[in-house]
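Beneath this line is the structure, given in structure tokens, with notes to follow.
The values are calculated or read from the model by the stated rules, or taken from the named source; none is laboratory data. Values in this document were obtained by computation on a predicted structure and should not be read as measured data. Note that each Cβ is placed from the backbone with ideal geometry, even for glycine, and that neighbours are counted across all protein chains shown. Each accessible area value is taken on the protein alone, full model and side chains, heavy atoms only, with ligands, DNA and RNA left out. Shrake-Rupley method; radii C 1.70, N 1.55, O 1.52, S 1.80 Å.
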Amino acid sequence: MKYFEVNYLSKGKRSKTIIKSPNKHDAIAIAKIKIPGIIVNVKETSAPLEDQLSAFKDQFLNTILRKKVKMTSLIAAIRQLSVMTNAGISIHDSVKEVEAATVDKTLKEIFSSVNDDLNSGLSLTQALMPYRETVGDVTIALVELGESTGNMAESLAKLADILEEIEENRQKFKKAMRYPITVVVAIAIAFTILMVYVVPKFKDIFSKLKAELPLPTKILLFMEQMINQYGLYLLAGIIGTIILFKYLLNNNEEFKKGFDRYILKTYLIGDIIFYATLSRFCLVFTELIRAGIPIADALDTSLLTLDNTHLKKRLSAVKVSVQRGISLTEAFRDTALFEGMLVQMIQAGEQSGTLDKMLEKVTLYLKSRFNQIIDNIASYIEPILLGFIAGMVLLMALGIFMPMWDMAKAVKMN
């Protein structure tokens, strides 16, 4: 949210106030509704110091104690809104009914606030904008589509379908990662127990040898010392690092840009994010084109659904190219994100006037690539897990038994 200084005339006196809004256009719209007087000008300004300190406090606490809406509750609420608006009930009354029906406390608070904003004259998109991080960019984009086309019921129904697909993909990923995470946690617990209770007993034996210990043993004893003497500090450091990482990811643009660029190069995770992001972008873009939205506007709205800043930057170039008169096919080709086959499909759709149908096929292809990775994720991760387990066991075995072998040799020599 940005801050805008609004100068206005009221009862012959010049006054000013500060309005929070995502952009200047929305700030002007809010000012016209809430300010009793003649608006002279609206300009962006920095946040007051009190608000800056409050924002920092809220951001930090939000990083630690962020309230999340259950995706199933959000989908059910959107389905209910779709059915009620399709039945001819006003969006205002529909929101009130959803607020009363939902059992999710966070979602109830959101719809209560949205209801108040609708009463003050804001649109549904403007009312939901402050909760963008909670409900998601896809929700904002599809609600905005419903308002621009005048077919809110259909847009909400499509939004529910998209959110269900996103949730299904998320559950697939969680299910696929359950096995490797369980294995890693079990190994970590077992290794910690060995370090705390077993290795110290051998440490006394090794100290009596008064001989140069092999490298695996030195590493093992160092790890044992760190865990037993500084274990709580290490745990606090890990928790603090995670909290700081989440805070920087949510509030530092440069850090997020670097992370988003790096994560795409990470083995397996990069491919999952890449195909999930592109399939979501194409899915929303297809629906917008099918609704008759101009390509430039459809691209603009679809870009709102992207979380990865690196991919967002690459795909933003498509909109710039289209506005300069370059064909959509060439614009997508220049991003170097789409395979040649997909670019040819887009070209065929553009030339034949069936762009929405071809984009739908592109979306299905990207979705199938995502599902293929998720369905076979265990086979991709197993070699890494085996290597990790073998390394831990080898370190433990060599660290303990190599000094024992030296002791046995010394006894034989004597």
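See the values below:
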read-out	value
In region 20-29, the residues that are among the hydrophobic types (A, V, I, L, M, F, W, C) and within 29 Å of the chain's Cα centre (by Cα)	Ala27
Among the residues listed as Ile219, Ile189, the single one being under 30 Å from Ile400 (Cβ atoms), surrounded by 11 or more Cβ atoms within 10 Å (Cβ to Cβ) and either hydrophobic (A, V, I, L, M, F, W, C) or touching a residue at least 12 places away in the same chain (Cβ under 8 Å) (or both)	Ile219
Total residues in region 192-216, condition surrounded by 11 or more Cβ atoms within 10 Å (Cβ to Cβ) and basic (Lys, Arg)	1
Hits in region 75-93 - residues which are part of a helix (DSSP H, G or I), under 18 Å from Asp117 (Cβ atoms) and not β-branched (Val, Ile, Thr)	Ala77, Leu81, His92, Asp93
Unmet requirement for Thr305, which otherwise passes all of (1) in a helix (DSSP H, G or I); (2) touching a Lys or Arg at 6+ places or on another chain (Cβ under 7 Å); (3) of a type outside the set (A, V, I, L, M)	(1)
Single match in Leu156, Leu163, Leu213 (criterion: over 30 Å from Tyr380 (Cβ atoms) and under 32 Å from the mean Cα position of the chain (by Cα))	Leu156
Index of the failed condition, Glu382 passing every other in (1) over 23 Å from Gln171 (Cα atoms); (2) of a type in the set (D, E, K, R); (3) modelled with pLDDT of 80 or more	(1)
Test set (1) farther than 30 Å from Phe206 by Cβ; (2) surrounded by 16 or more Cβ atoms within 10 Å (Cβ to Cβ); (3) among the aliphatic types (A, V, I, L, M) - Ile384 fails condition number	(2)
Filter result for Gly353 (within 30 Å of Pro22 (Cα to Cα), surrounded by fewer than 14 Cβ atoms within 10 Å (Cβ to Cβ) and at pLDDT below 85)	no
Count of residues meeting criterion [touching a helix residue (DSSP H, G or I) at 6+ places or on another chain (Cβ under 9 Å), farther than 24 Å from Thr125 by Cβ and assigned to a strand (DSSP E or B)] in region 1-47	1
Boolean, Lys175 is more than 19 Å from Glu99 (Cβ to Cβ), among the charged types (D, E, K, R) and without any contact (Cβ under 8 Å) to a residue 12 or more places away in the chain	yes
Ser316 touching a residue at least 12 places away in the same chain (Cβ under 8 Å), more than 19 Å from Gln351 (Cα to Cα), out of contact with any Gly (no Cβ under 8 Å at 6 or more places or on another chain) and open to solvent by less than 10 Å² (accessible area, probe 1.4 Å)	no
Region 335-388, residues that are assigned to a helix (DSSP H, G or I) and on the phi > 0 side of the Ramachandran plot	none
Some residue of region 334-346 being closer than 15 Å to Thr363 by Cα, out of contact with any Leu (no Cβ under 9 Å at 6 or more places or on another chain) and of a type in the set (S, T, N, Q)	yes
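Residue by residue, here is whether (1) among the aromatic types (Phe, Trp, Tyr); (2) open to solvent by less than 40 Å² (accessible area, probe 1.4 Å); (3) at pLDDT below 80 holds:
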{"position": "Met1", "(1), (2), (3)": "no, no, yes"}
{"position": "Phe4", "(1), (2), (3)": "yes, yes, no"}
{"position": "Lys16", "(1), (2), (3)": "no, no, no"}
{"position": "Glu44", "(1), (2), (3)": "no, no, no"}
{"position": "Ala55", "(1), (2), (3)": "no, yes, yes"}
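Residue-by-condition table, conditions (1) assigned to a helix (DSSP H, G or I); (2) surrounded by fewer than 15 Cβ atoms within 10 Å (Cβ to Cβ); (3) not polar (S, T, N, Q):
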residue: Gln225; (1), (2), (3): yes, yes, no
residue: Ile239; (1), (2), (3): yes, yes, yes
residue: Gly258; (1), (2), (3): yes, yes, yes
residue: Leu283; (1), (2), (3): yes, no, yes
residue: Ala296; (1), (2), (3): yes, yes, yes
residue: Leu311; (1), (2), (3): yes, no, yes
residue: Val320; (1), (2), (3): yes, yes, yes
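One line per residue, one yes/no per condition, for (1) out of contact with any Pro (no Cβ under 8 Å at 6 or more places or on another chain); (2) over 24 Å from Val322 (Cβ atoms); (3) of a type outside the set (Gly, Ala, Ser):
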| position | (1), (2), (3) |
| --- | --- |
| Leu213 | no, yes, yes |
| Thr217 | no, yes, yes |
| Leu283 | yes, no, yes |
| Gly292 | yes, no, no |
